[in-house]
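No lab work stands behind these numbers, since they all come straight from the coordinates. Since this is a predicted model, take the numbers as computed values, not measurements. Cβ placement follows ideal geometry from the backbone for every residue including glycine, while neighbour counts extend to all protein chains displayed.
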Amino acid sequence: MKFSQLYTKTSKNISTQTESKNAQLLTRAGFIYQEMAGVYAYLPLGLRVIQKITNIVRDSMNTVSTESLLPALSPTERWQDTNRLETIDVLISTKGANELALAKNSAEYILNPTHEDIITPIAKHYRTSYKDFPFSTYQIQNKFRNEPRAKSGVLRGREFIMKDLYSFHVSEESLMEFYESIKDVYMDIYKKLGIGDDTFITFASGGDFTKSYSHEFQTLLSAGEDTIYLDRENNIAYNSEIATPEDGKRLGVEFNQLEKLKASEVGNIFPLGTKFSKALNYQFVDSKDKKDYVWMGSYGIGISRLMGVVTEKMADDKGLVWPESISPFRFHLVVLPDKASLEAADKLYEALGAESCLYDDREDISPGQKFSDAELIGCPVQLVVSQKTLAKNSVEVRSRTGLFEPRLIKVSELKHDTKF
């Protein structure tokens, strides 16, 4: 993509009301635009990051499940059926905004923050024999929650993008077998995103879903909203919310002997048991024609939240630093404004391709501003074309991630998949 094709611009400063590091940098670099607290537009560069995170998550989910797309709106009756209409403290309702709209339809709806209440009746419609189990489905969709303090940028929004998967089983044993397998799938995702080494499976409260524990996936982060107790020897962590003497005895853990660290949640999984199947009377018929309730699990990953976590974790004092797997582009091509350099850069851009290269083709911007913008945007590999480099039929190659020292490489040797 050519820089001149972007309708967005970088900026040096933004409102002092923008508190979080991820919101500041993503806004300055032109990745996001804040509509209101907790609600962001994902601009061309930001959308490319979101799409790459989504693709990694989708590819992994497709190995264990099948994708659906569930409605963002639901009738209030769905939430009454599960007795959650009056108990979910982030639930948002919506209806016609004025008299003209209400005259056409006065009904009130729920903007879904999660989809257990929605998927269960759908599954019940299609799968009722023990032979139909186990099965699962997932979706990637915008969610809506009435967050009281949406001040952490894309880490905690009122509208956000989430992957949520739901599994259905005829026994607790089947549920837990699938539940345990998802842990490995999730950890593989975080590895591909570049945060695997600092992400830990974390015991957490089961809430009102289970008397046992749920599990979170927490990434070490100094700006994280959570506190965990980390057992590095056994590669497991515990959310501070369960760090009580009772929990310690139950888990066989002495929390005061573990590292106490800040972290940010990048995923969670819940063994739902039969909570929703009982509320919605979802039963299956076993091999002896006996009915029993279906066992369920839910499994979430915050797509837009991951964008914020990677930003917070990897950015430096110059700007964003993207791992190659989710960077908007692999290359950021900077050309110094003379005729020969521009012609050479045009040819190099065509060779590398618009999908792998962000080409700063602006002719009215100083070299210093171009270099500053390249640092701020944070693509992994910077390419510099100038009279000096062309004299050696080369391009200067710089690593934004610090993996290698700046060096010259022959133009003829540079491809979109060149290894450095």
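Some observations on this one:
- Pairs beyond 18 Å (Cα-Cα), from Lys211/Lys262; Lys9/Lys370; Lys124/Lys275; Lys2/Lys347; Lys21/Lys318; Lys318/Lys370: Lys211/Lys262
- Note on the chain: semi-axes of the ellipsoid equivalent to its C-alpha gyration tensor, largest first and rounded to whole Å, are 45, 25, 21.
- Reachable aspartates and glutamates, given that their alpha-carbon falls under 19 Å from the alpha-carbon of Lys12 and they are not under 8 places away in the same chain: Glu312, Asp316, Asp317, Asp360, Asp364, Asp373, Glu375
- Within the same chain, lysines fewer than 8 places from Lys183 are excluded, and of the rest, those with a Cα less than 19 Å from its Cα are Lys163, Lys191, Lys192.
- A Cβ-based charge dipole, computed about the Cα centre of the stretch 331-413 with Lys and Arg at +1 and Asp and Glu at -1, lands at about 360 debye.
- Rounded to the nearest 10 degrees, the inclination of helix 303-314 to the longest alpha-carbon principal axis of the chain is 50 degrees.
- Computed [θ] at 222 nm, helices only, for the chain once each DSSP H run of length n ≥ 4 contributes -39500 (n - 2.57): -8500 deg cm²/dmol
- For the chain, the longest principal axis of the alpha carbon atoms and the long axis of helix 44-61 meet at an angle near 50°.
- For the stretch 39-135, applying the loop criterion from DSSP together with a ceiling of 14 other beta carbons within 10 Å to the trypsin sites (Lys or Arg not before Pro) yields Lys95.
- Normalised convex hull volume, the stretch 331-413, alpha-carbon set, Å³ per residue: 89 Å³
- Based on Cα contacts under 8 Å between residues 6+ apart, the stretch 178-333 shows a relative contact order of 21 percent.
- Dipole moment magnitude, nearest 20 debye, the chain about Cα centre, only Lys, Arg, Asp, Glu C-beta charged: 780 debye
- Each residue, Glu259 and Glu350, gets one label point 7 Å from its Cα in the Cβ direction; the gap between the two is 5.2 nm.
- Rounded tilt (10° steps) of 367-377 against the dominant C-alpha axis of the chain: 10 degrees
- Trypsin sites (Lys or Arg not before Pro) within the stretch 317-420: DSSP coil, no more than 14 neighbouring Cβ in 10 Å: Lys318, Lys392, Lys415, Lys419
- Comparing Leu280, Ile53, Tyr293 along the charge dipole axis of the chain, the residue lying farthest to the positive side is Ile53, per the Cβ-charge model.
- The chain: most fluctuating residue of Pro245, Pro71, Pro134 per GNM, C-alpha cutoff 10 Å: Pro245
- Of the GluC sites (Glu not before Pro) found in the stretch 89-196, those that fall in a DSSP loop while having at most 16 other beta-carbon atoms within 10 Å are Glu108.
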